1. Does TYR40 meet the test of being under 20 Å from the mean Cα position of the chain (by Cα), within 19 Å of GLY91 (Cβ to Cβ), without any contact (Cβ under 8 Å) to a residue 24 or more places away in the chain and assigned to a strand (DSSP E or B)?
2. Quick one: PHE70 ticks every box in (1) touching a Lys or Arg at 6+ places or on another chain (Cβ under 8 Å); (2) buried (at least 18 other Cβ atoms within 10 Å of the Cβ); (3) of a type in the set (Phe, Trp, Tyr) except a single one, so which number is it?
3. How many of the residues in segment 188-205 are of a type in the set (Ser, Thr, Tyr), surrounded by 13 or more Cβ atoms within 10 Å (Cβ to Cβ) and assigned to a strand (DSSP E or B)?
Amino acid sequence: MKKVSLLVLLAIVASTLMMAAIPTTMVRLTMINKSGFDVYMKLEGSAVTEAFYYLTVPSGDRDVPTIKVFTVMVDVYKRTTWQCNGLQSSGNLLVDGNIRLTFTPCGEMACWRYEVTDQMWGCDKGTPVEVWNLHRIAGEPRYEKVTYWKYLAPYGPNFVVYPWLAGTVAWKNAYLYSGWWNFSCCTWAYRIRTYRLPYGCAWRYQY
């Protein structure tokens, strides 16, 4: 009987030590909804924490946003988000500290800024040139703007009507088109595109 009790005690101690070894730091995830629709986010943690969250933020707009603050464990989460009237996106969310996510109005493009850099061009890299780069303003690393919506992009007229367009970029991308329109004596292509932010590898909210 004593041996059984000792084994049970050892099992409890081992389980406690294993639980203590798992990092359980809690941080704040603030979600600000200005999109005009409800936002839902499912977070599935790694094998380290096995955390699971289903977060809901009711509809808000730019004038009266809805703000929710959630407490979550530090982890790299598999993320699924529903926004803009049910449009679904997936990716990762790196939670390594306090984060604020602002869901911008659906259908609204982000502001842009120009950045001027001095570069050396030419065969001998001896010609100074000012280069203008356009950047979308997607917030800051811990205060990120989230945008995700679909739009219809028309292309054309296509090479059937204008043979000299054959071999151009428009024709080379024809395999990406979603369909064709016959309009105004011409054949036009269209494609369903996705506008999303943040874009790039410097953000914690990843697609």
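1. No, not satisfied.
2. Just one mismatch for PHE70, condition (2).
3. Here is the first cut: in segment 188-205, the residues of a type in the set (Ser, Thr, Tyr) are 190, 194-195, 199, 205.
Of the ones still in play, those that are also surrounded by 13 or more Cβ atoms within 10 Å (Cβ to Cβ) are 190, 195, 199, 205.
Okay, now just the ones that are also assigned to a strand (DSSP E or B), so 190, 195, 205.
Of the residues in segment 188-205, 3 are of a type in the set (Ser, Thr, Tyr), surrounded by 13 or more Cβ atoms within 10 Å (Cβ to Cβ) and assigned to a strand (DSSP E or B).
Where a number appears in this text, it was derived from the coordinates with a stated rule and is not lab data. All values derive from a computational prediction rather than experimental measurement. Neighbour counts are summed over all protein chains in view; Cβ atoms, including those assigned to glycine, are modelled from backbone coordinates with ideal geometry.
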